[in-house]
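Have a look at the structure below, then the notes.
The values are calculated or read from the model by the stated rules, or taken from the named source; none is laboratory data. Here the structure is a predicted model, which is why all the values come from computation and not from measurement. Counting neighbours? That spans all protein chains shown, and the Cβs are built from the backbone with ideal geometry, glycine included. Note: accessible area is taken over every heavy atom of the protein model, side chains too, but ligands, DNA and RNA are not part of it. Shrake-Rupley method; radii C 1.70, N 1.55, O 1.52, S 1.80 Å.
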Amino acid sequence: MSDAGGGAPSQQIVGVASSAVELDQTLPARWYNDPGIWQRERWPIFGSNWVHVAYDHQFRNPGDYVTENLAGWPIFIRRNDDGSLRAFYNLCPHRAGPLVFEGEGCTKNLVCKYHGWAFNSEGGLLSARDFGADAPENMDLTAIQVGSWRGMVFVCLNPEVAPLHEWLGEFPNEVADVPLETYRFHSRSVRHVACNWKTYGDNFLEGYHLPTTHPAMSRDADALNYKVVYKGDPRWNIHTMPPRDASTFSVFGYFWPTFGFDIFPAGFAVERWLPRGHTHSDLIFEYFFADDAPGVEEIVKFSEEVADEDARMCEHVQRNLDAGRYDTGVLSPKWEYPLAVFHGMVRDAVGPLD
Ligand code: FES
Ligand SMILES: [Fe+2]
């Protein structure tokens, strides 16, 4: 299965015979805690794919900006006077000062916080304040790709990667019927989870753990018939769980490497997990609902309880992976095929280890 990243499984995952199949091994524990592997993952996975980092509604006015630390690279996105978005490394070419401090804000001009070099809205150097010589050549900010899809802003550091809408492929069709533009931002939660980004990714990608890790969720919907469906692109999949009468959860989606969404009655959540080094991940939920959506507070409370259960389990798994008593396990052919695909893509991105 390690070459699954190059293939295109187009099948429903449930119902696979559980005996007489060759079982896939998990990624060995080392992949979840080796800083050297993390360094090898950063560029091909987080630098060379589009990663969701913000929303259009955070850039209402010219000059509005948002910073992010993308797998160790400091970046910011800013709305220009002409309404377009621009993104740069938040790093001045003089002596690596920041153009904006971390967080969100509005800045009419791009002036380095350290010694005051000024840049135009496209990142070109305008002036090197009191430098004592002519402004040096080739001292512009480094731009990165930025794009937005249905209100969600993504960046991609690698300039050779296709534009966002091309890169997303057929995935947007899966939420074409969800009226995202009519939903309003409700709230955000951020958990600083002590686990590698892949530990949470593995957890997101299977419904096997639902009856045991999320008993309340499994009463809310038919977790024993949770399905993960691929539609020809190994980078993404759609999860469905047959609803009961007033189910909260029904459809989830995943896009490589760390983007997920949850569809609620008259609502939608982005669920993403950004790596903070190789030992931690920020698990971020952002909720959006229609103005007349029923039971919003209960839905969010329930989702947050499920997130707590996942975060606690992932931290425990990570401690066990780090304990030196476990190397590799086996994947359920009925439930954990998506992990085999995911692990294959990670292996393909990193290449053979020494
Ligand atoms: S580091 Fe930016 S002006 Fe010196
Ligand atoms: Fe879970």
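For the reader, a short list of remarks on this structure follows.
- Rounded FRET efficiency, nearest 0.05, which uses the C-beta distance separating ASP291 from SER127 and R0 of 45 Å: 0.40
- In this simple spin-label approximation, ALA246 and GLU102 carry label points 7 Å from Cα along the Cα→Cβ vector, and these lie 4.2 nm apart.
- Shown are LEU210, LEU85, whose ranking by accessible area with a 1.4 Å probe and every protein chain present, most to least, is LEU85, LEU210.
- Extending 7 Å from Cα along the Cβ direction at ARG60 and again at GLU170 yields two label points whose distance is 3.9 nm.
- Placing unit charges on the Cβ atoms only, positive for Lys and Arg and negative for Asp and Glu, gives the chain a dipole magnitude near 540 debye about its Cα centre.
- Solvent exposure, largest accessible area first (probe 1.4 Å, DNA, RNA and ligands not counted), of THR212, THR279: THR212, THR279
- Separation of region 267-329 from region 159-173 is 26 Å, based on Cα centroids.
- Neighbours of GLU336, meaning other residues whose beta-carbon lies under 11 angstrom from its beta-carbon, give a summed charge of -2 when Lys and Arg score +1 and Asp and Glu score -1.
- Selected from LEU70, LEU125, LEU27 as most flexible by GNM, with the chain as the system and alpha-carbon contacts under 10 Å: LEU125
- Burial order of peptide ranges 127-134, 295-302 (average beta-carbon count within 10 Å, highest first): 295-302, 127-134
- Applying 0.36 nm per residue to the separation of ASP82 and LYS113 and subtracting their alpha-carbon distance, the gain on full extension is 8.7 nm.
- GNM top mover of ARG60, ARG79, ARG276 - the chain, alpha-carbon springs below 10 Å: ARG60
- Which of GLU22, GLU104, GLU68, GLU271 is most accessible, then next, and so on - probe 1.4 Å: GLU22, GLU104, GLU68, GLU271
- Between ASP308 and ASP34, the simple label model (points 7 Å from Cα in the Cβ direction) yields a spacing of 3.7 nm.
- For region 200-210, putting each phi into the Karplus relation 6.51 cos²θ - 1.76 cosθ + 1.60 with θ = phi - 60° gives couplings of 6, x, 4, 5, 5, 7, 9, x, 4, 7, 4 Hz, in residue order, rounded to whole numbers and with x for Gly and Pro.
- Within the chain, helix-based [θ] at 222 nm, where runs of 4 or more DSSP H residues each add -39,500 (n - 2.57), nearest 500: -6000 deg cm²/dmol
- The residues of region 51-166 have, on average, 49 Å² of accessible surface per residue, using a 1.4 Å probe with all protein chains present.
- The chain: Lys pairs at Cα distance under 26 angstrom, eight or more positions apart or on different chains: 7
- Listed residues LYS334, LYS227, LYS198, most fluctuating in the chain (Gaussian network, C-alpha, under 10 Å): LYS334
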